1. Compute for the chain: radius of gyration divided by Kirkwood radius, i.e. Rg/Rh, restricted to C-alpha atoms, rounded to two decimals.
2. Which peptide among 61-71, 28-38 comes first, and what is the full order, when sorted by highest mean count of other Cβ atoms within 10 Å?
3. Going highest first, how would you order 211-222, 166-177 by mean Cβ packing within 10 Å?
4. Report, to the nearest whole %, how much of the accessible area of region 96-210 belongs to carbon and sulfur atoms, 1.4 Å probe, protein only.
5. Determine ³J(HN,Hα), in whole Hz, for all residues of region 145-157 in sequence, where each value follows from phi through the Karplus function 6.51 cos²θ - 1.76 cosθ + 1.60 and θ = phi - 60°; x replaces Gly and Pro.
6. How many nm is it between the label spots at residue 156 and residue 100, if each spot is 7 Å from the Cα in line with the beta carbon?
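The values are calculated or read from the model by the stated rules, or taken from the named source; none is laboratory data. Computed from a predicted model, the values in this text were never measured in an experiment. When we count neighbours, we look across all protein chains shown, and the Cβ atoms used for this are built from the backbone with ideal geometry, even at glycine. Ligands, DNA and RNA are stripped out before the accessible areas are found, and what is left, the full protein with its side chains, is counted by its heavy atoms. Shrake-Rupley method; radii C 1.70, N 1.55, O 1.52, S 1.80 Å.
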Amino acid sequence: MPFAVGHVHVVRLPDGYALIDTGVPGSAPAILEALDQLGGSPQDVRQIVLTHSHVDHMGSAADLVAATGARVLAGVLDTPFICGTAPEPEPVLTASERALHEQITAGFAEAGVPPVKHVPVDVELRDGDTLDGWAETVRVLHVPGHTPGGIALHLASSGVLFPGDIVATADGRAILGPFNVDREEAVASFRRLAALEVETVCVPHGEPLTEDAGAVLRAAEPEGDWV
């Protein structure tokens, strides 16, 4: 589901659906409407997997939990920021990132995006964990740098990767996602994901990579992005 800032992915499970990220605050009605169009209902949502703690990813999680009763899963090191028990660390912006960051922040204000609601995390995920209830094995990868506890999901059997904000796309290229708390860690996480065997990369920002995704990732030069 493409939103003005970021995407939400809906995954069909054997007994319902999982949501990967939830958009900015106020996105829940559109997500539930899309679910209805797929033939699902709110109570069919079993899991809400948050790739990290930023507002455009966890912003509607509380509203969706209230509507669906789904469990929330997130990386253990981002859990305090999602729950609201600790302040979220600020990104270290490069000069080229700063203008984009200001533009997005101003856009939130102009659109009247509601304040974020924090939400409890039911399952804290660590590197190497697997998710239950999916049709195939889903491996959790800890990919820090964008946030301290960001995660990616790798479905090896089908060659699908949900990278969180470590990977974005632009003009058919894979690029490093902007607004990182630790750029060096983020680049290392990007390189870890690029070493995987994947056919499809479902990025939160930009167009998904659906052809030669692994080659596109390996051809990327994240060290030179946003400098």
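1. 0.93
2. In decreasing order of mean packing, 61-71, 28-38 become 61-71, 28-38.
3. In decreasing order of mean packing, 211-222, 166-177 become 166-177, 211-222.
4. Using a 1.4 Å probe with all protein chains present, region 96-210 comes out at 52 percent carbon and sulfur.
5. These are the phi-based 3J(HN,Hα) values: x, 5, 9, x, x, x, 10, 10, 10, 10, 9, 5, 5 Hz.
6. Going by the 7 Å Cα→Cβ label model, 3.2 nm.
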